[in-house]
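The values are calculated or read from the model by the stated rules, or taken from the named source; none is laboratory data. All of these numbers come straight from a predicted model, not from anything done at the bench. Counting neighbours? That spans all protein chains shown, and the Cβs are built from the backbone with ideal geometry, glycine included. All accessible areas refer to the heavy atoms of the entire protein, side chains included, with ligands and DNA or RNA removed. Shrake-Rupley method; radii C 1.70, N 1.55, O 1.52, S 1.80 Å.
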Amino acid sequence: MSDSFPADTQEPVLIIEPGRMEKNYWADLWRYRDLFLILAWRDVSVRYKQTIIGILWAIIRPFLTMVVFTVIFGRIAKLPSDGTAPYALMVFAAMLPWSLFSNALSEASNSLISNANLIGKVYFPRLIIPAATLVAALIDFLISFAILIGMMVYYQFVPGGHMLLLPCFIILALLASLGPGLWITALNVKYRDFRYIIPFVVQFGLYVSPVGFSSKVIPEQWRLLYSLNPVVGVIDGFRWCILGGNSPIYMPGFLLSLAIIAFFLYLGITRFRKMEKTFADLI
Amino acid sequence: MSDIVIKVENLGKMYTIGHQAERGGYTALRDVLMENARTIWSKTKDLATGKPIIQGDTMEEVWALKDVSFEIERGDAVGIIGRNGAGKSTLLKILSRITEPTTGRVTIKGRVASLLEVGTGFHPELTGRENIYLNGTILGMTREEIKRKFDEIVAFAEVEKYLDTPVKRYSSGMYVRLAFAVAAHLEPEILVVDEVLAVGDAEFQ
């Protein structure tokens with residue numbers, strides 16, 4: 001009880017009780033920022049250890065997928081591009097946010113399980129673990145961004161001023177993956193079924209989301225419904241930034257995607273916080 | 001007035017464990033199939049209600065700790081002894097906030113660092129140098145603190161030569177020495193330690 005202690009503001013007094021939500025959780029999160037940075041750094045530096053081409057893997061995978069999609073959807077199925085933009089460029093403008101989203105989602109979802117040893121042995125706000133995985137996905141994204149610049153040079157495509165807003169959409173893509181990622185990684189601690197669901201969802205999402213085609217090929221009456229997939233908003237935003245006027249944003253759909261992202265983020269954080277205390281017992 | 005830094009009142013921690021029911025005689029394929037169908041059903045029910053999956057047919061509640069109360073004053077070094085499974089580690093896990101108690105309350109004054117295992121978070125692919133930073137941060141040291149004590153840690157562990165070798169190539173003795181060296185340079189107000197001192201060769205100890 002606090003009354004048995006002298007009122008000493010120098011030392012923090014910690015009370016541990018069942019079901020007690022920590023008041024200073026968010027302040028704690030800030031206090032542990034060193035840990036966040038070092039876990040993020042660990043994930044990045046371990047990622048391509050003992051590989052020959054190392055970081056090039058971050059470039060090759062999205063590039064080859066882009067080539068295949070351009071051939072199948074652009075050449076064979078002859079789907080229209082956005083305005084006058086080259087089809088390959090349009091595909092890659094969506095490939096970037098998609099791989100950012102899917103990498104971040106799958107790594108965040110597995111993050112708690114792969115750090116089980118830490119969870120059982122030390123205390124820190126657990127939110128740090130899934131959040132730190134986002135950094136590794138972001139680094140991969142920045143590397144594959146080099147391909148986009150190369151393609152713009154090749155097609156002699158000059159981006160407009162919209163390009164300056166791209167960082168906002170990068171953050172949006174990360175938030176879109178963090179929400180479900182937090183929820184799934186917490187569930188994963190209890191029910192390992194979710195480990196098998198995520199690779200499937202990611203594979204499925206690649207075809208359901210407008211990566212290989214423009215979201216304008218979706219019939220007008222279905223577009224709002226289509227935007228229930230939060231990635232649609234992110235991809236449309238990326239295309240708008242990169243391709244400029246060729247790819248105007250469909251506003252009602254974009255706002256809906258934003259709302260869904262916010263909803264999942266809220267859901268993810270609250271669920272995670274609720275289950276957090278039991279992680280060490282269940283993992 | 002005595003200076004109490006840790007106060008534990010009526011602390012209890014309950015776990016639920018499962019037991020396999022006795023099965024007499026031989027088992028027919030039909031029984032196995034029925035049994036599997038039943039488990040899937042009960043697991044789905046657990047999922048829907050948010051309960052953890054526990055293997056077994058009957059559940060039992062086990063109190064790893066019950067009605068534990070004590071006080072520790074500033075400057076005290078307290079050891080807890082007991083048989084295996086007596087709940088020593090559980091108590092330490094509660095004190096270091098890794099797990100939550102089922103009942104009771106703990107009040108702690110001061111910064112706590114817990115050392116329940118040496119080398120927590122060591123990554124085999126990273127070098128000795130990198131692991132010192134990783135492990136130090138995990139145990140709650142700041143970057144500056146580690147930088148300041150880095151040479152001391154390396155000298156203590158006697159691994160200068162292998163600082164840039166991945167720790168997966170270390171001998172198990174070297175590995176533990178390095179891990180312990182980091183832990184030994186922690187300077188918290190309250191240190192929670194769980195049988196981690198039993199490492200190293202005679203010289204090291």
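Of all residues being in contact with a helix residue (DSSP H, G or I) (Cβ under 9 Å, 6 or more places away or on another chain) and assigned to a loop (DSSP other than H, G, I, E, B) in the stretch A:56-81, which is least open to solvent (accessible area, probe 1.4 Å)? Just the residue, please.
A:81
Check whether at least one residue in the stretch A:122-129 is more than 26 Å from residue A:215 (Cα to Cα), part of a helix (DSSP H, G or I) and not hydroxyl-bearing (Ser, Thr, Tyr), and report yes or no. Spell out the reasoning first.
Quick first cut of the stretch A:122-129, residues more than 26 Å from residue A:215 (Cα to Cα) only: A:122-129.
From what's left, part of a helix (DSSP H, G or I): A:128-129.
If we keep only those that are not hydroxyl-bearing (Ser, Thr, Tyr) too, we end up with A:128-129.
Yes, there is a match, as at least one residue in the stretch A:122-129 is more than 26 Å from residue A:215 (Cα to Cα), part of a helix (DSSP H, G or I) and not hydroxyl-bearing (Ser, Thr, Tyr).
So which residues in the stretch B:56-81 are assigned to a loop (DSSP other than H, G, I, E, B) and either at negative phi or in contact with a strand residue (DSSP E or B) (Cβ under 8 Å, 6 or more places away or on another chain) (or both), if there are any at all? Even if it seems obvious, please write down each step before you answer.
The initial filter retains those residues of the stretch B:56-81 that are assigned to a loop (DSSP other than H, G, I, E, B), namely B:56-57, B:74-81.
Within the stretch B:56-81, B:56, B:57, B:74, B:76, B:77, B:78, B:79, B:80, B:81 qualify.
Mind checking which pairs have a first residue in the stretch A:235-261 that is farther than 27 Å from residue A:149 by Cα and a second that is outside any helix (DSSP H, G or I) and not charged (D, E, K, R), Cβ under 6 Å, 6 or more apart or different chains?
The qualifying pairs are A:253/A:227; A:256/A:227; A:257/A:227.
If residue B:71 meets every condition in (1) more than 21 Å from the chain's Cα centre (by Cα); (2) within 26 Å of residue A:274 (Cα to Cα); (3) of a type in the set (Asp, Glu); (4) within 11 Å of chain A (Cβ to nearest Cβ) apart from one, which number is that one?
So the condition that residue B:71 fails would be (2).
Sort out which residues of the stretch B:112-133 are assigned to a helix (DSSP H, G or I) and either open to solvent by 10 Å² or more (accessible area, probe 1.4 Å) or facing another protein chain (nearest Cβ under 9 Å) (or both), and write them in order of number.
Pass one, the stretch B:112-133, residues assigned to a helix (DSSP H, G or I): B:128-133.
Listed by number, the residues that qualify are B:129, B:130, B:133.
Could you grab me the full set of residues in the stretch B:134-157 that are open to solvent by 40 Å² or more (accessible area, probe 1.4 Å) and within 7 Å of another protein chain (Cβ to nearest Cβ)?
Answer for the stretch B:134-157, where residues must be open to solvent by 40 Å² or more (accessible area, probe 1.4 Å) and within 7 Å of another protein chain (Cβ to nearest Cβ): B:142, B:143.
Show the residue pairs that are 6+ apart or on different chains and have beta-carbon atoms under 6 Å apart, the first residue being within the stretch A:266-280 and within 9 Å of residue A:183 (Cβ to Cβ), the second being at pLDDT 90 or above and of a type outside the set (A, V, I, L, M, F, W, C).
Every condition considered, the pairs that remain are A:268/A:179.
Please verify whether the stretch A:88-100 includes one or more residues that are under 18 Å from the mean Cα position of the chain (by Cα), more than 18 Å from residue A:213 (Cβ to Cβ) and modelled with pLDDT of 90 or more.
Of the stretch A:88-100, the ones under 18 Å from the mean Cα position of the chain (by Cα) are A:92-100.
Subsequent filtering for residues that are more than 18 Å from residue A:213 (Cβ to Cβ) retains A:100.
When the remaining residues are screened for being modelled with pLDDT of 90 or more, the result is A:100.
Looking through the stretch A:88-100, at least one residue is under 18 Å from the mean Cα position of the chain (by Cα), more than 18 Å from residue A:213 (Cβ to Cβ) and modelled with pLDDT of 90 or more.
Scan B:18, B:12, B:56 and give me the residue that is open to solvent by less than 80 Å² (accessible area, probe 1.4 Å) and closer than 30 Å to residue B:189 by Cβ.
Within the list B:18, B:12, B:56, the selection yields B:12.
Any residue at all in the stretch B:100-111 that's closer than 28 Å to residue A:33 by Cα, surrounded by 16 or more Cβ atoms within 10 Å (Cβ to Cβ) and more than 7 Å from chain A (Cβ to nearest Cβ)?
The answer is no; no qualifying residue exists.
Between a first residue in the stretch A:74-89 that is charged (D, E, K, R) and a second residue that is open to solvent by 20 Å² or more (accessible area, probe 1.4 Å), which pairs have beta carbons less than 6 Å apart while being 6 or more apart in sequence or on different chains?
That search, which allows pairs on different chains as well, returns A:82/A:246.
Would you pick out the residues in the stretch A:142-186 that are over 19 Å from residue A:98 (Cβ atoms) and open to solvent by less than 30 Å² (accessible area, probe 1.4 Å)?
A:182, A:185, A:186
Please determine, by comparing only the residues of the stretch A:237-261 that are crowded, with 21+ Cβ neighbours inside 10 Å, of a type in the set (Gly, Ala, Ser) and closer than 16 Å to residue A:166 by Cα, which one is modelled with the lowest pLDDT. Before the answer, list the steps.
Of the stretch A:237-261, the ones crowded, with 21+ Cβ neighbours inside 10 Å are A:237-243, A:247, A:250, A:253, A:256-257, A:261.
From the residues that got through so far, the ones that are of a type in the set (Gly, Ala, Ser) too are A:237, A:247, A:253, A:257.
Now drop any that are not closer than 16 Å to residue A:166 by Cα, which leaves A:237, A:247.
Values: A:237: 93, A:247: 81.
Across the stretch A:237-261, the extreme among qualifying residues is A:247.
Scan the stretch A:190-207 and tell me whether some residue there is touching a helix residue (DSSP H, G or I) at 6+ places or on another chain (Cβ under 8 Å), small (Gly, Ala, Ser) and touching a residue at least 60 places away in the same chain (Cβ under 8 Å).
Yes, the conditions are met somewhere in the stretch A:190-207.
Identify, by number, the condition in (1) within 13 Å of chain A (Cβ to nearest Cβ); (2) among the polar types (S, T, N, Q); (3) more than 27 Å from residue A:12 (Cα to Cα) that residue B:171 doesn't meet.
All conditions are met except number (1).
Got a number for residues in the stretch A:35-55 being open to solvent by 80 Å² or more (accessible area, probe 1.4 Å) and either at the interface with chain B (Cβ under 10 Å from one of its Cβ atoms) or not in a loop (DSSP other than H, G, I, E, B) (or both)? Lay out the reasoning, then the answer.
To start, the set of residues in the stretch A:35-55 that are open to solvent by 80 Å² or more (accessible area, probe 1.4 Å) comprises A:37, A:41, A:50, A:52, A:55.
Then keep just the ones that are either at the interface with chain B (Cβ under 10 Å from one of its Cβ atoms) or not in a loop (DSSP other than H, G, I, E, B) (or both); that gives A:37, A:41, A:50, A:55.
Summing the residues that are open to solvent by 80 Å² or more (accessible area, probe 1.4 Å) and either at the interface with chain B (Cβ under 10 Å from one of its Cβ atoms) or not in a loop (DSSP other than H, G, I, E, B) (or both) in the stretch A:35-55 gives 4.
Provide a single number: the residues in the stretch B:21-53 that are open to solvent by 50 Å² or more (accessible area, probe 1.4 Å) and at pLDDT below 75.
Matching residues across the stretch B:21-53 total 11.
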